[in-house]
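Enquirer: Sharing a structure here in structure tokens format.
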Ligand code: 5MM
């Protein structure tokens with residue numbers, strides 16, 4: 001029973017049990033938490049009508065995918081979705097719980113422009129969060145998610161323009177502080193916080209520049225988590241991989257990316273954290289799986305935390321491209337979704353092979 005527990009809500013053991021179950025059996029998370037604007041944008045690209053009913057139908061396709069729970073331990077929902085039902089009237093949250101998938105909820109209110117810091121964003125959503133978390137917990141959610149975004153501006157880094165280096169210290173501090181306050185509120189409500197600092201892949205920065213920025217961001221995040229008294233054993237980290245920017249002329253090998261990412265995480269993420277579940281961040285599904293696979297095949301036995309996935313685009317987009325909003329395509333799209341999730345489970349085990357698909 002994913003939705004209830006004999007342990008008191010808010011107790012440490014409840015948090016630890018949820019975190020452990022989310023990281024168990026070589027599974028990962030499915031981030032089906034696109035906000036209305038993001039979901040509509042993805043639909044528009046494929047000519048799918050951007051309506052409430054189409055978003056509902058899409059989410060029904062996902063939650064009713066056969067054997068999704070073979071590879072997925074938890075699904076992150078969006079506020080619209082957590083209130084929706086299948087066509088036969090079953091709440092999505094119950095469909096997930098019955099399938100053995102733990103429901104979670106995205107609770108940030110989105111990233112907005114940061115005052116005085118052109119090109120930088122700060123994530124909002126702390127106002128009223130305590131009450132929202134309580135309501136989501138009563139609905140059956142067991143974990144939550146909050147995303148902060150950091151962009152690397154190579155020109156600013158190279159020229160060292162005063163107050164123009166991005167991400168700026170102000171942006172890192174503001175977002176790390178908000179992530180920590182969110183995480184503390186989640187734990188108070190008995191929800192495992194997924195802490196998601198994303199260093200964006202857009203731009204022409206190098207792998208080394210991404211490593212430096214990611215290291216600074218993660219250091220600040222854990223500093224703030226400690227200051228706010230967040231229990232490290234009762235949270236999960238959802239970072240971006242350390243990658244060269246999409247426009248960088250040098251694109252390192254899968255193995256180099258795996259080495260740089262693992263070394264960055266070893267320097268910054270305390271061993272008490274039970275798991276790290278990567279976002280895919282605009283990588284192709286194959287690259288995201290191959291890089292996760294390389295990290296696990298090269299390092300798994302030597303790492304203090306589980307290394308898994310919490311992908312949205314890398315699992316969902318291939319299925320969306322098959323569905324195209326047509327009822328007749330649902331079964332085929334579900335097969336693609338199931339296979340994508342299975343590939344990432346294999347990557348978590350260090351046993352993924354693109355050729356096997
Ligand atoms: C970075 O986005 C998260 C992971 O998704 P990818 O694997 O596609 O990178 C994801 O959970 C994200 O938070 C939502 O998809 C997008 O949320 P918004 O609020 O931007 O619609």
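The values are calculated or read from the model by the stated rules, or taken from the named source; none is laboratory data. Please read these numbers as outputs of a predicted model, since none were measured by experiment. Quick reminder, even Gly has a Cβ in these numbers, built from the backbone with ideal geometry, and neighbours come from all protein chains shown.
Enquirer: May I ask you to list the residues in the range 47-63 that are surrounded by fewer than 12 Cβ atoms within 10 Å (Cβ to Cβ) and outside any loop (DSSP other than H, G, I, E, B)?
Expert: Across the range 47-63, the qualifying residues are 52, 53.
Enquirer: Applying the selection to the range 192-223, what residues are assigned to a loop (DSSP other than H, G, I, E, B) and within 16 Å of the ligand (Cβ to nearest atom)?
Expert: 200, 201, 202, 203
Enquirer: In the range 324-346, what count of residues is obtained for those that are out of contact with any strand residue (DSSP E or B) (no Cβ under 6 Å at 6 or more places or on another chain) and closer than 11 Å to residue 71 by Cα?
Expert: 8
Enquirer: Can you go through 77, 61 and tell me which one is under 17 Å from residue 310 (Cα atoms) and under 21 Å from the mean Cα position of the chain (by Cα)?
Expert: Among 77, 61, only 77 is under 17 Å from residue 310 (Cα atoms) and under 21 Å from the mean Cα position of the chain (by Cα).
Enquirer: Would you confirm, using the coordinates I've provided, whether residue 325 is surrounded by fewer than 23 Cβ atoms within 10 Å (Cβ to Cβ), within 19 Å of the chain's Cα centre (by Cα) and at pLDDT 95 or above?
Expert: For residue 325, the condition - surrounded by fewer than 23 Cβ atoms within 10 Å (Cβ to Cβ), within 19 Å of the chain's Cα centre (by Cα) and at pLDDT 95 or above - is not met.
Enquirer: Only one residue in 243, 247 is within 13 Å of the ligand (Cβ to nearest atom) and either over 24 Å from residue 167 (Cα atoms) or part of a loop (DSSP other than H, G, I, E, B) (or both), so which one is that?
Expert: 243
Enquirer: Is it true that residue 272 is under 19 Å from the mean Cα position of the chain (by Cα) and either over 16 Å from residue 63 (Cα atoms) or crowded, with 23+ Cβ neighbours inside 10 Å (or both)?
Expert: It is false that residue 272 is under 19 Å from the mean Cα position of the chain (by Cα) and either over 16 Å from residue 63 (Cα atoms) or crowded, with 23+ Cβ neighbours inside 10 Å (or both).
Enquirer: Next question. Please list, ordered by residue number, the helices (runs of 4 or more DSSP H) wholly in the range 252-324 having 3 or more residues that are within 17 Å of residue 195 (Cβ to Cβ).
Expert: Output list reads 254-268.
Enquirer: Could you pull out the residue among 317, 303, 279 that is crowded, with 18+ Cβ neighbours inside 10 Å and closer than 22 Å to residue 221 by Cα?
Expert: Of 317, 303, 279, the one residue that is crowded, with 18+ Cβ neighbours inside 10 Å and closer than 22 Å to residue 221 by Cα is 279.
Enquirer: To continue, here is another question. From (1) surrounded by 14 or more Cβ atoms within 10 Å (Cβ to Cβ); (2) within 16 Å of the ligand (Cβ to nearest atom); (3) over 16 Å from the mean Cα position of the chain (by Cα), pick out the condition that doesn't hold for residue 44.
Expert: With (1) surrounded by 14 or more Cβ atoms within 10 Å (Cβ to Cβ); (2) within 16 Å of the ligand (Cβ to nearest atom); (3) over 16 Å from the mean Cα position of the chain (by Cα) applied to residue 44, the lone miss is (1).
Enquirer: Moving on. Can you say whether residue 153 is out of contact with any helix residue (DSSP H, G or I) (no Cβ under 7 Å at 6 or more places or on another chain), modelled with pLDDT of 95 or more and away from the ligand (no atom under 16 Å from the Cβ), as far as the supplied structure shows?
Expert: The answer is no for residue 153.
Enquirer: If you go through the range 64-81 one residue at a time, how many are part of a helix (DSSP H, G or I), within 16 Å of the ligand (Cβ to nearest atom) and in contact with a helix residue (DSSP H, G or I) (Cβ under 6 Å, 6 or more places away or on another chain)?
Expert: Final tally of qualifying residues: 1.
Enquirer: Now for a separate question. Which members of the range 29-41 meet the condition of being within 17 Å of the chain's Cα centre (by Cα), more than 17 Å from residue 142 (Cα to Cα) and surrounded by 15 or more Cβ atoms within 10 Å (Cβ to Cβ)?
Expert: Listed by number, the residues that qualify are 34, 35, 39.
Enquirer: Restricting to the range 135-146, and then to whatever is in contact with a helix residue (DSSP H, G or I) (Cβ under 9 Å, 6 or more places away or on another chain) and without any contact (Cβ under 8 Å) to a residue 60 or more places away in the chain, can you tell me which residue is surrounded by the fewest Cβ atoms within 10 Å (Cβ to Cβ)?
Expert: Looking at residues that are in contact with a helix residue (DSSP H, G or I) (Cβ under 9 Å, 6 or more places away or on another chain) and without any contact (Cβ under 8 Å) to a residue 60 or more places away in the chain, I get 139.
Enquirer: Under 7 Å between Cβ atoms, at least 6 apart or on separate chains: pull out the pairs that start in the range 218-242 with a residue that is at positive phi and end on any residue that is assigned to a helix (DSSP H, G or I) and at pLDDT 95 or above.
Expert: 229/184
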